[in-house]
Amino acid sequence: MSDPLHDELLGLALDIARDAGTMLRERRPADLSVAATKTSPIDVVTEMDIAAEELITSYLRKHRPEDGFLGEEGADVEGSSGVRWVIDPIDGTVNYLYDLPSWSVSIAAEYRGETVVGVVAAPMREEVYHAVLGGGAHRNGVPVRCRPAPPLSQALVGTGFGYLAERRAAQAEVVRALLPRVRDIRRGGSAAIDLCDVACGRLDAYYERGLNPWDMAAGDLIAREAGALTGGRPGLTPSTELTVAASPEVFGVLQPLLEELGAWHD
Ligand code: IPD
């Protein structure tokens, strides 16, 4: 049975994710440059990340003034309605900077701390993924399911790397050990798209250490609603320490292997 609050939040998230995606695709300056850096000189922000976050938050604030916000580019408001929006205006900013197509707009709505709606718009793919808690996952409105699991040796695994050299050195060690044991590894550059790719069977699994809530909130719900399992270290939920998402059988093998390989620490 559909919940009127969830329906309202989904409608708003779909509308503004599409609008922000169109704005980002159509108004990307040919000479786009770095506006600022964050955790390291290669962790970049462009003027378009800032413009898109402003577009998204002002739209949502107009429709739901009592809600809270957490956005990659600084939105941080508590709110009083029990709803908090978790927003990544461009997930895959480095791809966007280089005009590579794998970037997305990621918007999740939490109610009382639980993610109830997730929307990921991938404008260059002309795809919008969405999920509502308990309502399944969809791509362009069509239900999707994660892939029937192969053995780990035939699994296509996505991952990503942080922006700090020390963390990357540790992540490279994990890849060195994992690569000979799987079909192959992909580094797409947008965690939100990676999670949606698990949801719709384009990846068997995805893992990464160091994600922020805005990178994973929407994609995590979409992957779970598509039948994937998601988690962090064994027994834990996905977090900045470690995020793992996979078809159930692959998850059962990959999560303990990542624990053994130390994918959760630098
Ligand atoms: C990044 C992307 C990338 C992942 C990084 C994230 P951003 O998000 O999701 O795939 O590997 O860890 O920070 O910075 O482009 O929003």
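Some notes on this structure:
- Distant-in-sequence amide H partners of ASP91 (H built 1.01 Å from N, under 5 Å): SER104, VAL105, SER106
- When the chain is described by a simple charge dipole with +1 on each Lys and Arg Cβ and -1 on each Asp and Glu Cβ, the residue from ILE87, GLY160, LEU254 located farthest towards its positive end is LEU254.
- Spatial extent of segment 4-144: Rg and Dmax, with the Cα atoms as the point set, Å: 14.8, 44
- The fraction of accessible area contributed by carbon and sulfur in segment 4-144 is 51 percent, rounded to a whole number (1.4 Å probe; ligands and nucleic acids excluded).
- Principal axes of segment 152-261: Cα extent on each, largest first, Å: 34, 31, 27
- Chymotrypsin sites (Phe, Trp or Tyr not before Pro) restricted to segment 94-141 and DSSP loop, no more than 13 other C-beta within 10 Å: TYR98
- Measure of compaction for segment 197-266 (Cα Rg per 2.2 N^0.38 Å): 0.98
- Two tests apply to each whole DSSP H helix in the chain, Cα reach of 15 Å or more along its axis and mean Kyte-Doolittle hydropathy of at least 0.5, and the ones passing both are 248-261.
- Contact order for the chain, expressed relative to its length and based on alpha carbon pairs under 8 Å spaced 6+ residues apart, stands at 16 percent.
- Of the GluC sites (Glu not before Pro) found in segment 45-85, the ones in coil according to DSSP and having at most 11 other Cβ atoms within 10 Å of their Cβ are GLU66, GLU78.
- Accessible area of segment 152-261 belonging to carbon and sulfur atoms, whole % at 1.4 Å probe: 52
- Fluctuation leader among GLN154, GLN171, GLN255 - the chain, Gaussian network, Cα springs under 10 angstrom: GLN154
- Peptides 179-191, 115-127 ordered by average Cβ neighbours within 10 Å, highest first: 115-127, 179-191
- For the chain, the 222 nm mean residue ellipticity estimated from helices alone, with every DSSP H stretch of n ≥ 4 adding -39500 (n - 2.57) and the total spread over all residues, rounds to -11500 deg cm²/dmol.
- Overall Cα dimensions of segment 96-191, principal axis frame, Å, largest first: 38, 35, 31
- Looking at segment 158-198, the accessible area is 47 square angstrom per residue; that uses a 1.4 Å probe and ignores ligands, DNA and RNA.
- If only the Cβ of Lys and Arg carry +1 and only the Cβ of Asp and Glu carry -1, the dipole of the chain around its Cα centre is close to 760 debye.
- Phi angles of segment 83-93 translate, via the Karplus equation with coefficients 6.51, -1.76, 1.60 and θ = phi - 60°, into HN-Hα couplings of 9, 10, 8, 10, 10, 10, x, 9, 9, x, 4 Hz per residue; Gly and Pro are given as x.
- Accessible surface computed residue by residue for segment 4-144, with neighbouring protein chains in place and a 1.4 Å probe, gives 45 Å² per residue.
The values are calculated or read from the model by the stated rules, or taken from the named source; none is laboratory data. This structure is a prediction, so every number in the text was calculated from the model and none was measured. So basically every Cβ, Gly included, is an ideal-geometry build from the backbone, and we count neighbours across all protein chains shown. Remember, those area values only see protein heavy atoms, side chains included, never the ligands or the DNA or RNA. Shrake-Rupley method; radii C 1.70, N 1.55, O 1.52, S 1.80 Å.
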